[in-house]
Amino acid sequence: DITGSMGFYIEQAKENVLEIINRIITECPGIDINLGFIGYRDIEELETGNYIDINFTKNYTNVKEIIQNVYAYGGADTPEDVSWAMENALNKEWKNNARFLVFVADAPDHGREYHDSYLDDSYIDGIPGRKNLTETIEKLAKNYVSLFCMKISYLTDEMLQMFENVYKKYEKCEFLIVDMMNYATLFTDAVVNSAIKVYESHRNVDVK
C-alpha cells in the first residue's frame, strides 16, 4: 500500500522489505531468487498510471532502487485496491519451489466483508468486474505462496482474519502476521526465518 495514509509508516516498511531481501540473499547463498514489487493505491488512480507493478527479475539492484524511491500519496476513501494487488501477485510467473509474498498495508480492501461497515467505502458491495479477494487468496495458498503480513492498523483486522482462515487449510505454505504496532523490530526476523524454513523444505520438492 503506497497511498497517503501510509506516510507515517512507509519508510519503516521500505526498510523492513529491503532488509528482508538483503538477508535472504546473504543467508541463502546460491539460492535462485527472483524479486518483484507491487505498489497499489486506490481505484481512481489505477488508470492514471500511479500503480507500480514490477515483474519477477534477478536485477535486485533495480527492484531495490524502485522500493527506495517509493513515497506515499493519493488515495480516496479508506479502503484501498488490495484485490488488484493480490490478483496481480497471483498472476505473476511463479517458477521457484519456495514462494513468498510480503504484504504491507494499513487499510482493508473494498467490500463490507473485509472491514467494519462504518468505514467510508465507495465500493461497499465490491468493485464491479473485479475478482473476489477471498478467492484470490485461496488461489495463492493453493499455489504454495507463503504469505507474510505486516499489520500496521486495526482497520485490516477483518481482512487479515480472512487471510488466516484461508491459509489454515493449507500445510505446504507459511502464513504469518506480525503486529507492527507493537513489534516493528520483529518483522524482518520473522519473515526471514520463515522464508528460509520454507526454502529449505521445498528446494528439493517439485512443485507444479
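Some values worked out for this structure:
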item: Separation of the Glu171 and Asp189 label points, Cα + 7 Å toward Cβ, nm; result: 2.9 nm
item: The chain - mean residue ellipticity at 222 nm from DSSP helices (-39,500 (n - 2.57) per run, n ≥ 4, rounded to 500); result: -11500 deg cm²/dmol
item: Degrees separating the helix 186-202 axis from the principal Cα axis of the chain, which is the longest one; result: 50 degrees
item: In segment 1-154, lysine pairs closer than 27 Å at Cα, eight or more apart or cross-chain; result: 25
item: Helix 10-27 axis, angle to the chain major axis (alpha carbon atoms, nearest 10°); result: 20 degrees
item: Nearest-ten-degree value, helix 133-142 long axis tilted from longest Cα axis of the chain; result: 10 degrees
item: Loop trypsin sites (Lys or Arg not before Pro), segment 113-198 (other Cβ atoms within 10 Å of the site Cβ: 10 or fewer; DSSP); result: Lys168, Lys169
item: Mean Cα-pair separation over length for the chain, i.e. relative contact order, pairs under 8 Å, 6 or more apart, %; result: 21 percent
item: Amide N of segment 76-111 lying under 13 Å from the label point, which is placed 7 angstrom from the Cα of Phe8 along Cα→Cβ; result: 106-107
item: Contour minus Cα-Cα distance for Asp179 and Asn96 (0.36 nm per residue); result: 27.0 nm
item: Most mobile listed residue (Ala190, Ala105, Ala89) in the chain, GNM with C-alpha springs under 10 Å; result: Ala190
item: Spin-label model distance (nm) - Asn62 vs Asn88, 7 Å beyond Cα toward Cβ; result: 1.6 nm
item: Calculated Rg and Dmax of the Cα atoms in Å (choose from (i) 19.2, 53; (ii) 17.0, 52; (iii) 16.3, 49), label; result: (iii)
item: Equivalent ellipsoid, segment 83-129 (semi-axes from 5 times Cα gyration tensor eigenvalues, Å); result: 27, 13, 7
item: Length released on extending from Ile33 to Lys139, taking residue separation times 0.36 nm less the Cα-Cα span; result: 36.0 nm
item: Label-point separation in nm, Glu15 to Ser122, each point 7 Å along Cα→Cβ; result: 3.3 nm
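Read the figures in this text as sums done on the coordinates, not as results from a lab. Treat the numbers as computed from the prediction; the structure is a model and nothing was measured. Reconstructed Cβ throughout: ideal geometry from the backbone, glycine too, with neighbour counts over all protein chains shown.
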